[in-house]
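Worksheet: the structure to be examined is printed underneath.
Bear in mind that the values in this text are calculations on the coordinates, not laboratory data. Bear in mind the structure is a predicted one, so any value in this text is a computation, not a measurement. Using ideal geometry, Cβ is built from the backbone for each residue, glycine included, and neighbour counts are taken over all protein chains shown.
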Amino acid sequence: MPTHFCVAPNTPGLPASLAAALAENPANGHTAEPGGRRKRAIGEFRKFWKPGRTLQIAFVDDPDDAHRQAIVDAIVLWQPWVNLTFEFVASKRGDIKILTGYNDNYSLIGTDALTVGPSDATMVLGIKPHEPRFQSTVLHEFGHGLGAQHEHQHPDADIPWDLPKVYAHFEALGVAREEVDHNLLNKLDRSLLLATRYDRRSIMHYPVKQELTLGDWTLAQNTRISRKDKAFMRRAYPTA
Ligand SMILES: [Zn+2]
């Protein structure tokens with residue numbers, strides 16, 4: 001269980017977020033209904049980049065070469081599953097802009113990255129390559145950068161949270177209740193999941209501590225891109 005959450009609430013604000021998502025990829029504004037009909041989403045929309053495009057990835061600070069390469073090595077593990085070309089640029093300007101010199105790990109979701117200033121970071125990767133969760137953290141945050149949301153918030157997630165304990169646990173860590181709801185408890189609209197099933201092996205799932213659940217439900221940190229994660233990305237970024 002992280003001590004901080006990786007998706008900031010209400011960032012960057014709904015109008016800017018929606019405008020960026022639709023300008024980049026008009027399919028973001030549609031949700032597939034169970035019967036196959038498509039309708040315009042109201043309040044819910046996806047934030048995927050336009051399939052087929054080159055995604056420029058920049059570092060806004062200057063990690064040393066080994067650190068930078070370790071991040072690149074983790075990010076490219078997503079490359080086979082998306083119809084995007086990852087281009088790591090020497091410039092500090094890009095579509096996704098990574099900051100390493102800050103002790104936290106979080107990311108904007110997909111096209112929300114288009115709403116920040118040209119020199120502002122869209123993803124913070126404070127974790128260092130020698131730390132045990134380095135690769136899984138980079139994979140998780142970059143999953144957000146590709147538009148993936150939290151798997152533990154899938155509408156079919158069956159985690160029996162012990163809510164009073166969950167809130168008390170995070171309150172003690174100084175995390176606002178709104179952030180706990182936004183990153184952990186609120187269920188996502190099914191349309192955002194691209195009809196993929198709930199998957200407790202997903203790299204987008206948080207680990208779950210047994211003491212925060214009722215009964216015997218616990219989950220260790222997932223460390224790899226799961227089969228369902230791959231299927232999700234293939235649906236989000238199909239080849240034409
Ligand atoms: Zn996350």
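Couplings 3J(HN,Hα) for the stretch 156-168, derived from phi with the Karplus relation 6.51 cos²θ - 1.76 cosθ + 1.60 (θ = phi - 60°), are 9, 4, 10, 6, x, 4, 8, 4, x, 5, 4, 5, 5 Hz, where x marks Gly and Pro. Close amide H pairs (under 5 Å, H built 1.01 Å from N) link Asn105 with Gly126, residues at least 5 positions away or on another chain. Take the Cα of Asp120, step 7 Å toward its Cβ, do the same at Asp216, and the gap between the two points is 4.8 nm. The alpha-carbon atoms of the chain define a convex hull whose volume equals 125 cubic angstrom per residue. Both numbers refer to the Cα atoms of the stretch 177-240; Rg and Dmax are 13.8, 46 Å. Antiparallel as a % of all DSSP beta bridges within the chain, to the nearest 5? Once the DSSP bridges in the chain are tallied, antiparallel ones form about 45 percent. Computed from the C-beta positions of Asp189 and Asp104 and an R0 of 22 Å, the FRET efficiency is 0.25 to the nearest 0.05.
Using a cutoff of 8 angstrom between alpha carbon atoms and counting only pairs six or more residues apart, the relative contact order for the stretch 14-236 works out to 19 percent. For the chain, adding -39500 (n - 2.57) for each run of n ≥ 4 DSSP H residues and dividing by the number of residues yields -7000 deg cm²/dmol at 222 nm. Computed from backbone phi with θ = phi - 60° and the Karplus coefficients 6.51, -1.76 and 1.60, the 3J(HN,Hα) list for the stretch 182-190 is 5, 9, 10, 9, 4, 7, 7, 5, 4 Hz; x is used for glycine and proline.
With the simple spin-label model, which puts each label point 7 Å out from Cα in the Cβ direction, the Asp162 to Ala23 separation comes to 4.8 nm. Considering only Phe134, Phe170, Phe59, the mean-square fluctuation computed in a Gaussian network model of the chain, springs between alpha carbons under 10 angstrom, is largest for Phe170. Spin-label pair His30-Ala240: with each label point 7 Å from Cα along the Cα-Cβ axis, the two points sit 1.6 nm from one another. When each of Glu44, Glu151, Glu24 is scored by the number of other beta-carbon atoms lying within 10 Å, the sequence from fewest to most is Glu44, Glu24, Glu151.
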